[in-house]
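Novice: Here you go, one structure.
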Amino acid sequence: MSLYPLFANLKGRPVLVVGGGAVAARKVAGLREAGALVRVGAPQLDEGLARLAHEGAITHFSGRFEPDWLDGVWLAIAATDEEDVNAAVAREAEARRIFVNVVDDAERSAFHVPARLRRGALTVAISSGGRAPVLARRLRAELETHLDTALGELAELAGRHRAAIAAALPDPDARRRFHDDLVDGPVGLAIRQAQPQRAEALLLEGLKNPGAAQAGSVAVVGAGPGDADLLTVRAQRALQRADVIVHDRLIGPKVLDRARRDALLIDLGKAVGQDHEATQNRIHDLLVEHARAGRRVVRLKGGDPFVFGRGGEELEHLAAHGIAYEVIPGVTAALACAAYAGVPLTHRDHSASLVLTTTHRNRGLSARDWRALALERQTLALYMGVSQLESVPRELMRHGRAPETPFALVENGTDPSQRVLTGRLDQLPALARAHGIRAPALLFVGEVAGLARKLAWFGECISAHEPLAQVA
Ligand code: SAH
């Protein structure tokens, strides 16, 4: 059977739903959303439908199905759990040439209701012709993540200016390019920046000079800790839109696999040397250069761009040079490693605060800093090089942390090769050496870290605890 797809305008048109249960209620909701005048026929209505009938939002025909309920309706849906009633509705509707759908009965249905998703004025409808509705629903769920929420607003905006666009761009090819640029260019960015008036102004500006080069932009994107499935939906969309991706050495192939095939990848691990300031300046220049050439640049950083990622400096540079940008957060290593190691960062019994800090590049912490870091009942998440695994526990204990405080050291967090090492703070250097812990690794110190030995669920967990009083 081959179906002819169509979108029906039901605004103000009477439609009959036979049935008063949960299935009928779902159909009624969809029909009301489309503005239909809904009549519901059933001996009894469930609570929600009864309320709608009471409010006058729907009309209730009480009792068993009678053919004259069909008088004057455009469509009918049979949604009862009695097969003979559904069959009667189908038969009577058919005889009157009224399109009828019998829920979950493709044979008796003259029309099918597709799985659908909406973005403002845009509707996508999927049908398997009644053969595999589950597959249609799965496909819908997948599309849900791929379709930018901005699309709906863009469709509304383009719809409002449809005549002006057609007048400015009589050539259909040029018009198609203009619409593509709307989604991916500055107008789409302004929508994602929640600045609809600017989006409209940019669209009108673009119409004055169609075909002119689009301004480029930069998305500063957090790639998360390594597991590509921990990329945010927004990050994936940005990767799919990118012309150029400027990424750190630590970004793995699994994440880069999600990028648009013809995007230019620039690996900073290869492109630059050891001098950190020269490197950072080179990155700034690269971003500005590509954006000025009208490209969509993604600056892809491990974890979150604003947590020990120098994302702030990059943004300041972009702002100073008038380049449009957006920032997409990522799952930072502390949150990812905690989740994947079974270390709850706060806990009603053990810890009420969390400190994210770093000992990278020897920031020269003062005694006062160390005393604050060594406080009890707080969780310390340390972004660090493994070379500091000797000095950090020593300083913490010197400034007041008890030697038996638990630690959890997470190596290669979220990767299948992840290892969690947990034990007492005073044993940390020896244990880390014994197990050959390598970068990247993140250290948790605090009462909660001991919970890893009970709660760890991913990869390998090496537990070297003495029985501890404070962790049950
Ligand atoms: N912006 C990043 C942090 C960059 S600093 C973020 O938000 O996560 C680099 C440090 O992060 C590493 O030295 C290490 O301590 C930590 N780190 C990053 N990824 C990690 C991972 N997968 N497992 C363990 N530690 C990690």
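Novice: Can you give me the number of residues within the range 246-282 that are among the hydrophobic types (A, V, I, L, M, F, W, C), part of a helix (DSSP H, G or I) and more than 26 Å from Leu442 (Cα to Cα)?
Specialist: Here the count works out to 2.
Novice: Could we say that Arg394 is of a type in the set (Lys, Arg), more than 16 Å from the ligand (Cβ to nearest atom) and surrounded by fewer than 18 Cβ atoms within 10 Å (Cβ to Cβ) here?
Specialist: In short, yes.
Novice: Let me ask something else. Pick from Arg118, Arg138, Arg97, Arg108: which is of a type in the set (Lys, Arg) and over 24 Å from Val38 (Cβ atoms)?
Specialist: From the options Arg118, Arg138, Arg97, Arg108, the qualifying one is Arg138.
Novice: A follow-up question, please. Any chance you could count how many residues in the range 199-224 are at pLDDT 95 or above, more than 19 Å from Ala167 (Cα to Cα) and not hydrophobic (A, V, I, L, M, F, W, C)?
Specialist: 3
Novice: May I pose another question? Those residues that are touching a strand residue (DSSP E or B) at 6+ places or on another chain (Cβ under 9 Å), without any contact (Cβ under 8 Å) to a residue 40 or more places away in the chain and either buried (at least 16 other Cβ atoms within 10 Å of the Cβ) or within 21 Å of Cys461 (Cβ to Cβ) (or both), I need them from the range 329-354; list them, please.
Specialist: If the condition is that a residue be touching a strand residue (DSSP E or B) at 6+ places or on another chain (Cβ under 9 Å), without any contact (Cβ under 8 Å) to a residue 40 or more places away in the chain and either buried (at least 16 other Cβ atoms within 10 Å of the Cβ) or within 21 Å of Cys461 (Cβ to Cβ) (or both), then Leu335, Leu354 are the ones that fit.
Novice: Which residue is nearest to the ligand (Cβ to nearest atom), if the candidates are limited to the range 309-323 and must be surrounded by fewer than 18 Cβ atoms within 10 Å (Cβ to Cβ) and outside any helix (DSSP H, G or I)?
Specialist: If we take residues in the range 309-323 being surrounded by fewer than 18 Cβ atoms within 10 Å (Cβ to Cβ) and outside any helix (DSSP H, G or I), then Arg310 is nearest to the ligand (Cβ to nearest atom).
Novice: Another one. Is the range 233-249 home to any residue that is surrounded by 15 or more Cβ atoms within 10 Å (Cβ to Cβ), within 16 Å of the ligand (Cβ to nearest atom), within 17 Å of Gly330 (Cα to Cα) and of a type in the set (Asp, Glu)?
Specialist: yes
Novice: Looking at (1) of a type outside the set (Val, Ile, Thr); (2) more than 33 Å from the chain's Cα centre (by Cα); (3) under 21 Å from Leu356 (Cβ atoms), can you tell me which one Ala464 breaks?
Specialist: (3)
Novice: Pairs needed: first member in the range 134-150, assigned to a helix (DSSP H, G or I); second member anywhere, among the basic types (Lys, Arg) and surrounded by 12 or more Cβ atoms within 10 Å (Cβ to Cβ); C-beta distance under 6 Å; at least 6 residues apart or different chains.
Specialist: Note: pairs meeting the criteria are Ala150/Arg192.
Novice: Right, here's the next one. Hey, any hits in the range 87-105 for a residue that's over 22 Å from Arg140 (Cα atoms) and in a strand (DSSP E or B)?
Specialist: There is at least one residue in the range 87-105 that is over 22 Å from Arg140 (Cα atoms) and in a strand (DSSP E or B).
Novice: Please work out which one of (1) within 16 Å of the ligand (Cβ to nearest atom); (2) at positive phi is the condition Val221 fails and give its number.
Specialist: (2)
Novice: OK, next. Could you list all residues from the range 86-119 that are farther than 30 Å from Glu156 by Cβ and hydrophobic (A, V, I, L, M, F, W, C)?
Specialist: Matches in the range 86-119: Ala87, Ala88, Val89, Ala90, Ala93, Ala95, Ile98, Val100, Val102, Val103, Ala106, Ala110.
Novice: Please count how many residues of the range 117-135 are surrounded by 15 or more Cβ atoms within 10 Å (Cβ to Cβ) and modelled with pLDDT of 90 or more.
Specialist: The number of residues fulfilling the criteria is 5.
Novice: Another question, if that's okay. Would you tally the residues in the range 327-378 being part of a strand (DSSP E or B), more than 15 Å from the ligand (Cβ to nearest atom) and hydroxyl-bearing (Ser, Thr, Tyr)?
Specialist: Total meeting the criteria: 2.
The values are calculated or read from the model by the stated rules, or taken from the named source; none is laboratory data. Keep in mind that this is a model prediction, so the values were computed, not measured. All Cβ positions, even for glycine, are placed from backbone atoms using ideal geometry, and neighbour counts span all protein chains on display.
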